[in-house]
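Q: For reference, the structure I am asking about is given below.
The numbers here are math on the coordinates, done by the rules we state, and not lab data. Computed from a predicted structure; not experimentally measured. Virtual Cβ from ideal backbone geometry, glycine too; neighbours counted across all protein chains shown.
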Amino acid sequence: MADLNRVFLIGNLTRDPEVRYTPKGTAVGDLSVAVNTSVRGQDGQVKEETCFVDIVAWGRQAETSKEFLHRGSPIFVEGRLQFEQWETREGEKRSRLRVRAERIQFLARGRSAENPPSGEEQGRHREGGEPSVPTEGSGGGTDEVPF
């Protein structure tokens, strides 16, 4: 039987990314993501459950994450589970599971009056980056649905 080790997560960073370098100069980034899931309990009530997942990114991905992401940033992570074991200086054995990122995509937050797009983001919309949606007062004239 074939094995499969694939992880896909969408969540928000719980802290700013931290980057360190190996003796050979390779960047290693540590990120932590909170992933929320709505679950219906036995009483029928819907409640939010949060799963905290540690992520490790290598090379340019680690450096880019450090440069552009911060606590609260929404991201998509694709990678694989990685099991690590080590021994502390006191001789205690430790282990953990974390996701080794193979792809990190920065996700844009929804825009509101309190969180308007930056000048750079507005320029990207005009240059054909992400599609832009007309805002109130930007013309278009009517309140009718265009179809």
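Q: Of a type in the set (Val, Ile, Thr), surrounded by 11 or more Cβ atoms within 10 Å (Cβ to Cβ), assigned to a strand (DSSP E or B) and within 16 Å of the chain's Cα centre (by Cα) - does that describe any residue in the stretch 35-51?
A: Pass one, the stretch 35-51, residues of a type in the set (Val, Ile, Thr): 35, 37, 39, 46, 50.
Right, trim to surrounded by 11 or more Cβ atoms within 10 Å (Cβ to Cβ) and you get 35, 50.
Add one more test, that the residue is assigned to a strand (DSSP E or B), and what stays is 35, 50.
With the extra rule that they be within 16 Å of the chain's Cα centre (by Cα), the set shrinks to 35, 50.
Within the stretch 35-51 (the criterion being of a type in the set (Val, Ile, Thr), surrounded by 11 or more Cβ atoms within 10 Å (Cβ to Cβ), assigned to a strand (DSSP E or B) and within 16 Å of the chain's Cα centre (by Cα)), the answer is yes, since at least one residue qualifies.
Q: If you don't mind, there's one more thing I want to ask. Out of everything in the stretch 1-28 that is touching a residue at least 60 places away in the same chain (Cβ under 8 Å) and surrounded by 16 or more Cβ atoms within 10 Å (Cβ to Cβ), what residue ends up being nearest to residue 62 (Cα to Cα)? Step through it out loud before you land on a result.
A: At the first step, the residues of the stretch 1-28 found to be touching a residue at least 60 places away in the same chain (Cβ under 8 Å) are 5-13.
Those left that are additionally surrounded by 16 or more Cβ atoms within 10 Å (Cβ to Cβ): 7, 9, 11-13.
Details: 7: 18, 9: 17, 11: 17, 12: 16, 13: 14 Å.
The extreme case among them is 13.
Q: Here is a further query. Out of the residues in the stretch 52-75 meeting the condition of being in a strand (DSSP E or B) and under 22 Å from residue 96 (Cβ atoms), tell me which one is farthest from the chain's Cα centre (by Cα).
A: Quick first cut of the stretch 52-75, residues in a strand (DSSP E or B) only: 52-58, 74-75.
Okay, now just the ones that are also under 22 Å from residue 96 (Cβ atoms), so 52-58, 75.
Working: 52: 12, 53: 11, 54: 11, 55: 10, 56: 12, 57: 12, 58: 15, 75: 2 Å.
Only one residue fits best here, namely 58.
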